[in-house]
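Structure first, commentary second.
The values are calculated or read from the model by the stated rules, or taken from the named source; none is laboratory data. If you're wondering where the values come from, they're calculated on a predicted model, not measured in any experiment. Here the Cβ is made from the backbone with ideal geometry for all residues, glycine too, and neighbour counts use every protein chain on show.
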């Protein structure tokens, strides 16, 4: 559902009514300490409380992991939920009327919310119906299958809400429409019944099938998977796409697994429902399953919310279909993996078994050990490339080398790339250590370092006109510039008495923030500056723009180190401004120097002289700033 943008009055009213201590107390045991409350942080493991909740400020902050924000952000981060969804839930809980920015959309919003609530209700009733049917005589065949074929205990069957869809064509329809009085159109929108092509009326989508409820992250039933108990095809039948359900955006058992994923800092993705159920039954509670489609980037991002180190293990079948599924999944998330944004491993179980089959004859400890030893995705792909290849044959050797080059040239990190170059060179040397240097040289020659971030210095000024200036390159100053701009923004937010001086310095020197995330934050500051408390308003912006402001959200809070930095605010402001000025002057210097070098002095003498004067003026300014550089660095470090 596309929720219209919420009216600021609604957000503010939710913030006023949703007391931070009341909200946090549902998840954290809080103890009074002075004016504030303290407890164990829910966002990271700790033994000594460092999580503080201020009722007067209506804010929380953890001195251990730097998590912080208001009641809305707490629920968002803890449940990995969207801003508008959390505001709407809190609005319902605290009886806040919902307004949107566009009055004409309010009725549509209420209609959509009402439809979703009705869909949740009818799907929950359906799940209970299927669970009841499983315990009746008609469900004996399904119970027998679960206990004898899948070796599932009663508690596991109940944990996952497994059920049975009776064989009749209209059994569910009669129960929900005729007995429970739900509209037939609502059942159709929920994907439970379909209209007959002839003669009118409806028929049940699921008949004589073992039923597996599919839930969202909050544990609400949004769809079903049905396994046939006969020879009927398909073997597995999923609900169609609905207002609540999208196969490509949903992972089975994530509601059950999110705690285990966070606790073990690792997510395991398997192919089938019963693979995930069997793993949970064996005590491996960090497992989820895809829903018969290729693992999507959105599904991966969803599951990675719960693991701090972004560890993801794909445990697909070792047969050709499973290998292809793993390849498709890797291609979908390769960009994340190359950048190191996901620690991806591939697990193929022995003898081509799936997780369910493997656990019939092995313990959970055996499976855990396989997870530990699972190869990283690059190692697995190299294994696949060299599998069943004879590297003594020229054709195989050439093809393997080409595929390895194609794989390795996308690795952005030079250390990682060099490691795999040496590793692959050893494989291609076939045990002859004398050939390794040759193979390394051959691979490096073929690998175009397109992913490596390099910096090309401009033509030196000395070569161009006989001078001696050699400005420092921006990359060597990147970390200093990052620190300087961040400090300036933090001072502006937390030291109101310095704001006028900062603005005057920026305007006088015609300076802008060089780094894109800092420019974006500065733009947000200017937009909300006149709307009251600056930090609080920026927190609200962050809830709606978490992706854009993610890199700067730490500036909204003060830890012990940053508090000490603010004690010498005037000096730090001057040092930060000087650093930013230096970077801008270097850019201008290179710009005018390049223009001067490209201008023909005979064809355009005036322009030639103008560019010369411009870059020479910047050179003099650079020299002046450079004399202040040591002081600036000392103040910033």
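Which is in a helix (DSSP H, G or I), free of Cβ contacts under 8 Å to residues at least 12 places away in the same chain and assigned by TED's automatic domain parsing to the domain that holds residue 500, of 597, 571, 623, 613?
Step by step, each of 597, 571, 623, 613 is checked, and only 613 is in a helix (DSSP H, G or I), free of Cβ contacts under 8 Å to residues at least 12 places away in the same chain and assigned by TED's automatic domain parsing to the domain that holds residue 500.
Quickly run through the stretch 261-279 and pick out the residues that are in a loop (DSSP other than H, G, I, E, B) and more than 18 Å from residue 325 (Cβ to Cβ).
265, 266
Please verify whether residue 206 is modelled with pLDDT of 90 or more, under 14 Å from residue 127 (Cα atoms) and assigned to a loop (DSSP other than H, G, I, E, B), treating the condition exactly as stated.
The answer is yes for residue 206.
State whether one or more residues within the stretch 167-182 are in the same structural domain as residue 227 (by TED's automatic domain parsing) and assigned to a strand (DSSP E or B).
No, the conditions are met nowhere in the stretch 167-182.
For a quick check of your reading: which helices (runs of 4 or more DSSP H) sit entirely within the stretch 281-380 and have at least 1 residues that are out of contact with any helix residue (DSSP H, G or I) (no Cβ under 6 Å at 6 or more places or on another chain) and either assigned by TED's automatic domain parsing to the domain that holds residue 410 or farther than 30 Å from residue 148 by Cα (or both)?
Result: 297-304, 320-338, 364-373.
Can you tell me which residue among 162, 176, 186, 172 is closer than 28 Å to residue 302 by Cβ, in contact (Cβ under 8 Å) with a residue 12 or more places away in the chain and touching a strand residue (DSSP E or B) at 6+ places or on another chain (Cβ under 9 Å)?
Only one candidate passes the filter, namely 162.
Take the conditions out of contact with any helix residue (DSSP H, G or I) (no Cβ under 8 Å at 6 or more places or on another chain) and more than 15 Å from residue 292 (Cβ to Cβ) and apply them to residue 170. Does it pass?
Taking the combined requirement at face value, the residue satisfies it.
Considering only the stretch 507-521, state which residues are in a helix (DSSP H, G or I) and crowded, with 18+ Cβ neighbours inside 10 Å.
518, 521 - these are the residues of the stretch 507-521 that are in a helix (DSSP H, G or I) and crowded, with 18+ Cβ neighbours inside 10 Å.
May I ask you to list the residues in the stretch 385-402 that are crowded, with 16+ Cβ neighbours inside 10 Å and either under 21 Å from residue 340 (Cβ atoms) or free of Cβ contacts under 8 Å to residues at least 24 places away in the same chain (or both)?
Listed by number, the list holds a single entry, 385.
In this structure, is residue 231 farther than 30 Å from residue 311 by Cα and touching a residue at least 40 places away in the same chain (Cβ under 8 Å)?
no
Can you tell me which of (1) in contact with a strand residue (DSSP E or B) (Cβ under 8 Å, 6 or more places away or on another chain); (2) at pLDDT 90 or above is the one residue 349 doesn't meet?
The single condition residue 349 does not satisfy is (2).
Keeping to the stretch 29-48, report how many residues are at pLDDT 85 or above and part of a loop (DSSP other than H, G, I, E, B).
5
Would you mind stating whether residue 56 is free of Cβ contacts under 8 Å to residues at least 60 places away in the same chain, out of contact with any helix residue (DSSP H, G or I) (no Cβ under 6 Å at 6 or more places or on another chain), in a strand (DSSP E or B) and not assigned by TED's automatic domain parsing to the domain that holds residue 549?
No.
The rows are residues; the columns are (1) surrounded by fewer than 20 Cβ atoms within 10 Å (Cβ to Cβ); (2) farther than 30 Å from residue 482 by Cβ.
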{"site": "576", "(1), (2)": "no, no"}
{"site": "587", "(1), (2)": "yes, no"}
{"site": "603", "(1), (2)": "yes, yes"}
{"site": "609", "(1), (2)": "yes, yes"}
{"site": "615", "(1), (2)": "no, no"}
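Among what's in the stretch 219-237 and is part of a loop (DSSP other than H, G, I, E, B) and in contact with a helix residue (DSSP H, G or I) (Cβ under 7 Å, 6 or more places away or on another chain), pick the residue that is farthest from residue 116 (Cα to Cα).
229
Going through 145, 61, 120 one at a time, which residue ends up being over 27 Å from residue 223 (Cβ atoms), outside any loop (DSSP other than H, G, I, E, B) and modelled with pLDDT of 90 or more?
Exactly one of 145, 61, 120 is over 27 Å from residue 223 (Cβ atoms), outside any loop (DSSP other than H, G, I, E, B) and modelled with pLDDT of 90 or more, namely 61.
Test each condition in (1) farther than 22 Å from residue 540 by Cβ; (2) surrounded by 16 or more Cβ atoms within 10 Å (Cβ to Cβ); (3) at pLDDT below 80 for residue 107 and report the one that comes out false.
Residue 107 satisfies all of (1) farther than 22 Å from residue 540 by Cβ; (2) surrounded by 16 or more Cβ atoms within 10 Å (Cβ to Cβ); (3) at pLDDT below 80 except (2).
Of everything in the stretch 519-538, what is at pLDDT below 80 and within 19 Å of residue 87 (Cβ to Cβ)? Give them in sequence order.
Result: 531, 532.
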